[in-house]
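Remarks on the structure that follows.
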């Protein structure tokens, strides 16, 4: 009799736990790590043009969109309000700032070209106040463009919450570029 009651208790318990086990199993089996998928959008978007060192025009979901590379900031490549502000803040003339911006854009153009496929990983905020997409851009070989620009010395860090997923990674790349006088850091 006692064995029968223990069996019934075990049976009731297993029916209570079974749905939780099933949901957990689905979660594990369908997670990107288990399925071999990357955690970013695997559909290939296409580069239409490099706008400047930290902005691209792309074809995303069949629409022409601007994408701002999260976590980095390159000098402006055209004389505009931000370029004038940067010149004042850095005690540089506007022509110098714009020249550095053109160098950064030229470097980015060596990495991405019109027609190149890219993948985008979004962080917590998808668009900025100007309506541009905000993302981490991956080249066809899996290289993160944002990080590569920083590592080569053509960008400062610019991480604003909530989009801070790779802040530490970018910081390491930034220090590596500064310590080795890469890119624009070799000019200061």
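The numbers here are math on the coordinates, done by the rules we state, and not lab data. Since the model is a prediction, treat every value here as computed from it, not as a measurement. For neighbour counting, all protein chains shown are included, and Cβ atoms are generated from backbone atoms with ideal geometry for every residue, glycine included.
How do 72, 118 line up, fewest other C-beta atoms within 10 Å first? Don't skip to the answer; put the middle values down first.
Numbers: 72 26, 118 21.
Lowest to highest Cβ neighbour count: 118, 72.
Between residue 94 and residue 113, the distance separating the two model label sites (each 7 Å from Cα on the Cα→Cβ line) works out to 3.5 nm.
Please work out how much length the chain gains when fully extended from residue 139 to residue 165, using 0.36 nm per residue of separation minus the C-alpha to C-alpha distance, in nm with one decimal. Intermediate values should be presented prior to the final figure.
On the way: separation 26, 0.36 × 26 = 9.36 nm, distance 1.84 nm.
The residue 139-residue 165 span can extend by a further 7.5 nm.
As an exercise, use a Förster radius of 22 Å and the Cβ-Cβ distance of residue 187 and residue 84 to find the FRET efficiency, rounded to the nearest 0.05. That pair, residue 187 with residue 84, gives E of 0.65.
Sorting 66, 77, 44, 91 on the 10 Å Cβ count, fewest up front, what's the list? All intermediate terms of the calculation are to be shown ahead of the outcome.
Details: 66 18, 77 24, 44 13, 91 6.
Going from sparsest to densest Cβ surroundings: 91, 44, 66, 77.
Every pair of different Cα atoms in segment 45-187 enters the Kirkwood calculation, which places the hydrodynamic radius at 15.2 Å. Taking the number of Cβ atoms within 10 Å of each Cβ as an exposure proxy, the fewest-first ranking of 74, 143, 159 is 143, 159, 74.
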